[in-house]
Amino acid sequence: MKCQLRVQFQSNIPVVGYELIPDVFFRILDSTEVSYSLEFNCRYRCVNDKNIFICNVHTSKLATVQCMCCVALEIPVCDSYHCSAKCFMDSWHNHRERHHKAAAIVHNTLSRDDQASSELRSCGCWSSVGAWSSFESHKTLPVVEPWFKVGSSKTYVPVIDDVGHCLRLECVAIDRITGNPLPATTNVLTGHAIIAPLPHIRRMIEIAPLEEYGSNYLGARPSVTGAFRVLSYNVLSDIYAFGGYNNYCSSWALTWQYRSKNLLREIVGYDADILCLQEVQSDHFENFFAPELAKHGYSVIYKKKSMLLYTGKDVSEGCAIFFRRDRFKEVQKYELEYKKFAQKLVRGLQQNPSISFNRLYKDNVAVIVVLELKENSSDDTLQSKNSQLICVANTHIHANKHQTDVKLFQISTLLKMLNQMGSELHIPVLLCGDLNSLPGSAAYNLVATGKVKPNHPEMADDPLGIFQKIMLTHPLPLVSAYSYFCRPGSQQRCMDPSTNEPLFTNFTKRFRGTIDYIFHTVDSLIVDSLLELLDVESVKDTALPSPHWPSDHIALMASFRFRPPVKDLIQRPLVVQRL
């Protein structure tokens, strides 16, 4: 029988307290029918860290040979280790390229430093740049034993005693009928176990009365009731975490096992009443977010994209609104697929339908829910006089920066629906999400100011002629909650005075800017406090995600109270006045 067994980890670095889960692939290579099971043994090495060396080619094996030229050329020491002389010879072509590049970097220094030049030549560095036969500078490493058993299951959670040690996972396929091992066995060796850094804590900052009402408010301050917290957070789907865009982050900090635990701790720690999460992967929603947050008292409405992304299994991602079931009751919900509205729009365009359809037919979604605050409702009727209702929308808008017309179409579609609901029910509106639109963009201006000026630069980017077909104004008095941070204070350094928005909510090595928002109807909701922002200095060296932060976005959170109608509120606060 021919069979193949392959085991690998997303990251080779075990982290104390975070489950180590291998990906296992078993395949029968001939026509043999067999019923099999897999057995695991997880062990750790009981030796000092300094005696552990891992082959840089075969990471499941210990190194026995080290290239001393790599050491002399100051190439990362991990690249100098090989499990055998044969391994070194087989990889020599690629290995030699590292010598070439390193030698070129230090060449000028060598010409000025005779002593350094002499030392490098004496260790065989220059000869190693040539053919294998001329290479002589290497040393044999000691083989260290023994291994000590710490577990016998597929998964393992490293403990403090594992720090500085390697773990070895042994996996064997067993024939269920005979009980005999199949000819497929593999060992996987990890790097040294580490301790993760302590998470940072973000605090809520109260909004001063001057910010809350503005200097143009006349008369007594109205009574307000029904305080609640709303969180908006793009949690970074695992589909995108390992796509290459985040390769500046340590691989162990990108694994779902590490990020999921940190995400849960962060989200639960904020103690919000309503959670608006974006990029919630479908399998993680079913196996992690829904069950874990249910334990903390949340109910959920989830809308995933219809397009599947293959990652070993078919999954998608989408938007979820979680709400505390002891505080809110679901009254109505709506699931919005922008592509369905695109189909209707395309039928009325003069352009080639196939071209229009391909440009507008994006898989972005939104979820909207009308919630009733339980503590102030007296009966189950929608129009109860004493009930307090709120309409909450969560969306993730198309990301392509060159398709601003698509962004504007999607935002316009969402606002049209929110306006209809808000006008019919006369209730406050919250719009949360990743809008993938910078302050000052056409999409942002439509939300924040209620219109897009005809001379806006992005209005010229209308290849399909859709701007004559969609709503580019709306009457909702929406204001960005974080604009209240624009006054002088502890958060001023984190705000952009030209936009009254945070300097960033998304911070990677490729992009930095604000694209996440919490908008609220200013005539019906009061902002009590806001979750503090991160300053540029704290993340500029690592960017996001990082070992401290599990997503490439930061969470936003605002504490609101319902505002009863007030006749003598003659003007909105200056700091949040719409343009």
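In table form, for the structure just shown:
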quantity	calculated
For the stretch 231-307, with +1 on Lys and Arg beta carbons and -1 on Asp and Glu, the positive-most of Tyr270, Ile239, Tyr258 along the dipole	Ile239
Cα shape, the stretch 204-576, gyration tensor, a/c 1.5 rule	rounded
Per-residue Cβ neighbour rank within 10 angstrom, fewest leading, Ile427, Ile368, Ile201	Ile201, Ile427, Ile368
Fewest-first ranking of Lys333, Lys304, using other Cβ atoms within 10 Å as the exposure measure	Lys333, Lys304
Cα→Cβ-extended label distance, 7 Å offset, between Gln403 and Lys333, nm	2.8
Full-extension gain in nm, Asp30 to Val268, via 0.36 nm per residue minus C-alpha separation	80.7 nm
Rounded to the nearest 20 debye, dipole of the stretch 204-576 from Cβ charges on Lys, Arg, Asp, Glu	680
Order of Thr404, Thr499 - criterion: other Cβ atoms within 10 Å of each residue's Cβ, fewest first	Thr499, Thr404
Two-site label geometry, Arg510 and Asn41: point separation in nm, points 7 Å out along Cα→Cβ	4.4
Fully extended contour minus Cα-Cα distance, from Ile21 to Val77, at 0.36 nm per residue	17.4 nm
Calculated FRET efficiency for the pair Lys154/Gln492, C-beta based, R₀ 51 Å, to 0.05	0.50
Exceeding the 25 Å Cα-Cα cut-off - candidates Lys295/Lys374; Lys304/Lys344; Lys61/Lys509	Lys61/Lys509
Cα→Cβ-extended label distance, 7 Å offset, between Asn94 and Asp175, nm	3.7
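Each reported figure results from applying straightforward, stated rules to the coordinates on display, with no laboratory input. Just so we're clear, the structure is a prediction, and the values are computed from it rather than from any experiment. Every residue, glycine among them, receives a Cβ derived from its backbone with ideal geometry; neighbour counts consider all protein chains shown.
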